[in-house]
Structures are given as structure tokens and as C-alpha cells.
1. Please verify whether the stretch 169-176 includes one or more residues that are buried (at least 17 other Cβ atoms within 10 Å of the Cβ) and modelled with pLDDT of 95 or more.
2. How about the stretch 169-179: which of its residues are closer than 10 Å to residue 148 by Cα and within 24 Å of the chain's Cα centre (by Cα)?
3. Counting only residues that are at pLDDT below 85 and not in a helix (DSSP H, G or I), how many does the stretch 229-259 have?
4. Determine whether residue 53 is in contact with a strand residue (DSSP E or B) (Cβ under 9 Å, 6 or more places away or on another chain) and either at pLDDT 70 or above or within 24 Å of residue 158 (Cα to Cα) (or both).
5. Consider the stretch 180-204. How many of its residues are outside any loop (DSSP other than H, G, I, E, B) and either surrounded by fewer than 17 Cβ atoms within 10 Å (Cβ to Cβ) or in contact with a strand residue (DSSP E or B) (Cβ under 8 Å, 6 or more places away or on another chain) (or both)?
6. At pLDDT below 90 and out of contact with any helix residue (DSSP H, G or I) (no Cβ under 8 Å at 6 or more places or on another chain), is that true of residue 2?
């Protein structure tokens, strides 16, 4: 109609559409920039629309443990039971695993590398992970065959299991055939299995192959005791791709460095979101300026303001819209 704009305003998009768009932004931008653009974008970020798929694995590798716990709790709570994907590294609190399980009704992809769950907590929560099809428990050194058996018995839809280990975590082990046996006995629908740097035998690998008939990819890097005949494998498993055991990978090229240590490079983000979660941002300029200046990150962040958010701008300590 004449006089009407031919373009719709961004703040008129439905929250579901905004959630899809915001997935292309970094965690920092979604939590610290987007809420200050306009009221509708703030509502989208606070609601479940942006948090059906949560991937904070990269950030979690660098943050402090207490910040990580509060971040995971906040984002899972925001998902409001609609969580389909969760990727986070280094969880160490049993309460976090229970929280994940309580909100796992729709969860299909779960990546928890370098986390410190135990066999007992996995046995308790495995029954609530029945919808999971992709599971990554790599570098989780405190679990073993009991946890994998519980997962196999309850996660009947599981098609991908990543259970890679750090070479130093398995160097003193005599055998991990019990883990491989748990996989072979309870996970027949697997299509992809990663077991790098496990101390396992050729016999147990053959048992996995005979039990998991749908297997398409098997990662055996660093499983030095496994000897598979090429002719036998091509004749009996023509559609299976096997990686290893003699393949140079990250650990060998980097002297087995452990890249799981966090740095303080993301502390400013943790404190920003925690302050925002407790309510309006405090006007303690000295605290926030110290966080930004210490990291030298302020110049990297581009802030854009639009009409209609002047009343909210003061909350974040940002100038009003031009």
C-alpha cells in the first residue's frame, strides 16, 4: 500500500526466526550485544528460541569452573525443555549432569569432552538420555565400562559414540577391553565409533565389528595392539572405513600437549553474563572497565544501537542511540 515501507523492521521478526539468525553469532555477541539492540531481540535471547542448540565448547575450554557451572545452568534453564543439542567441555559438578538429564527430553546431540562424571552418576542419568543419537565422552577419564554399559542399555537410538582418550590417561592401563566389550554388547546401531588411544586387543575389535553391523567408521588411532589384516577387512567389511592405529595425529605432532587448560581470556564474558542474569547491570564502571581493559578486547567488539532502546541503554552502561 502507498505510504507503507516495503521492508519489515528487524524487531518485528518472530522469536523463532530471530533465534535461527542469532545462531550465526558468537556466544559473546548473543549474550552481551543482542539484548541491548531492542526489546524484541532481548526477549528472544532471554527466551528458549536461541538455546535449543547450545554450543559453548570452545568458550568452556577457557573459562573458570565456577563460571562454567553458572553459564550451563543459565542456558539450560533458558531452553525451557526444548534443548536438542548441548556441547560443553570440562564439566566437573554432578549437579550439572543431573540438570542436563532433567532437561534431556528432546536432547539428541550431547558432547561432554574432558568432563569429570563418574560411573555412578552416568548410571543414574542414563535413563533420561533415551533420545540421544550422538554422544561424545572423549577424555572423560573417570568413567569406564559400567558407564558405557548403562548408556548402551538406555540410549537405544545411539548411532555415534566418541570415546577418544588422551595418550597419557591410558599409558598406565593394562587393558580396556571391558569398555570395548560394553560397546559391542549394548550398542548394535552404531554407525560411527571413535576409540583413539585405547589399550584394546584385536579380538575385542573384531567383536565390535561383528556386533555393530551398521558401522561405517571406526577410529583406532593409537590402539597399538590392534592388528587388522587389510585383505580380511576389505573382504568382510567393504563399507567400513578404519582410521589407524598407525596415524600421526594432534598429540604426536604436539608432544601430547593437553589443550584442556583454561586461560583467563574469557573471564570478562563470564562476569558480564552473570551480572546480567542477576538483574540489571551494575553501574560499577571500575569493575567492568578492568575486565575489558585487561583483556584488550573492547576494540574488537562492535556495538550498534537502534531507536527505541534508550530506556534500556543505561542498564548496560552503553550510550543512547544516536
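The values are calculated or read from the model by the stated rules, or taken from the named source; none is laboratory data. What you are looking at is a predicted structure, and each value in this text was computed from that prediction instead of being measured. FYI the Cβ positions are ideal-geometry reconstructions off the backbone, even for glycines, and counts take in every protein chain you see.
1. no
2. The answer is 179, and nothing else.
3. The qualifying residues number 11.
4. Yes; evaluated as a whole, the condition is true for this residue.
5. 7
6. Here the answer is yes, as residue 2 does meet what is asked.
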